[in-house]
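The values are calculated or read from the model by the stated rules, or taken from the named source; none is laboratory data. Just so you know, these numbers come straight off a predicted model, no measurement behind them. For neighbour counting, all protein chains shown are included, and Cβ atoms are generated from backbone atoms with ideal geometry for every residue, glycine included. Each accessible area value is taken on the protein alone, full model and side chains, heavy atoms only, with ligands, DNA and RNA left out. Shrake-Rupley method; radii C 1.70, N 1.55, O 1.52, S 1.80 Å.
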Amino acid sequence: MSAVSVWATRLPARCGPAAAEGRRALSGGDSGEKTTKELLDEAARYSQKFDPATPETFGTGWEGRYKAMQHINAPFQELIWSRVQLQCVRWFVDEDFSIKDTFPYLHQSYRIIRHVSANAKTEKDLDLIKPLISEDYLRNLKENLADSSASERNLGVAVHSAFGTVAKAVIEFDSEDFAETNWRLGTSTNRTDRVEFMKTCSKFLLRTEWLTLKIRFVAIEEDFVFDPSGEKQPGVIENRVSTWTFKGKVWNLKREDDDPNSPPLITEDLPEGVRKRNPVLTWVLTKIEA
């Protein structure tokens, strides 16, 4: 399957910018700017140029997963705690959230971001991954590219395969909610106080629209050098472990007439059925750590 077709066939509607087909999501409106999908398709084609002809893999099935996890070498406590965090996301934030549906998008994002960022020759090349990374990270990439020497720009990276596991799932709250919440009511012996506290917490959770995922990746990558004719000269192949932080909007509050600009419908009652699935789940990379 080509890198381009992955966006259309492997990703659920809620798991990435591909769901925003036709939207002028970057700033364009009808000004002639490319849509998110157009940029992603172009980025996928650019990335595909660096796909190895015969990629090395960790293997298939449980054997391949076990081999990859050995390279990641994640603490057992981290693996257990991250699963608890993901379950809390489903309980309190979005009952429809599925990390299984999200991972194909994150793996494909890894390959495309690595290929474009490591092999880009101009800022225009880096703009292809604008829908996939934060503005701050994109600015850092452009600054690094501007500071790189001619010899450094002749270096490149090809991703053979990548495997990732969740290291952390963080629910982000509005700081104003913390300030407005009277936490002492939760320990009160008065039933009315406890009910009021439950209502406050319910509203508090409803304002949680953002989720940060820390994904620990291990990838089989090949360093290469472009010769004077522009051809790739094979280089060293090695396993590389890194932690990528993605931020995504996992759901929207229900609003009047489904208008995203309308205020959320939050009542004084416990908000049963107020949550609504976000038709467009967009994840962006904000940070990479070794």
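For this structure, a couple of remarks:
- Looking at region 76-126, the GluC sites (Glu not before Pro) that sit in a DSSP loop and have at most 13 other Cβ atoms within 10 Å of their own Cβ are Glu95.
- In loop segments of region 35-82 as defined by DSSP, the trypsin sites (Lys or Arg not before Pro) with at most 14 further C-beta atoms inside 10 Å of their C-beta are Lys49.
- Probe 1.4 Å, accessible area per residue of region 110-165, Å²: 44
- Local electrostatic count, Gln70, Cβ distance below 14 Å [Lys/Arg +1, Asp/Glu -1]: +2
- Environment charge at Ile220 (Cβ cut-off 11 Å; Lys +1, Arg +1, Asp -1, Glu -1): -2
- As a rough guide to protection, the peptides 98-106, 140-148 ranked by mean Cβ packing within 10 Å, highest first, stand as 98-106, 140-148.
- Pairs exceeding a 32 Å alpha-carbon distance, out of Lys34/Lys100; Lys67/Lys142; Lys37/Lys232; Lys37/Lys287; Lys130/Lys168: Lys67/Lys142.
- Formal net charge of residues neighbouring Ile99 (Cβ-Cβ distance under 10 Å; K, R +1; D, E -1): +2
- Shape category assigned to region 62-135 from the gyration tensor of Cα positions, a/c cut at 1.5: oblate
- Other-chain or far-sequence residues with amide H under 5 Å of Lys168's (modelled H): Lys214
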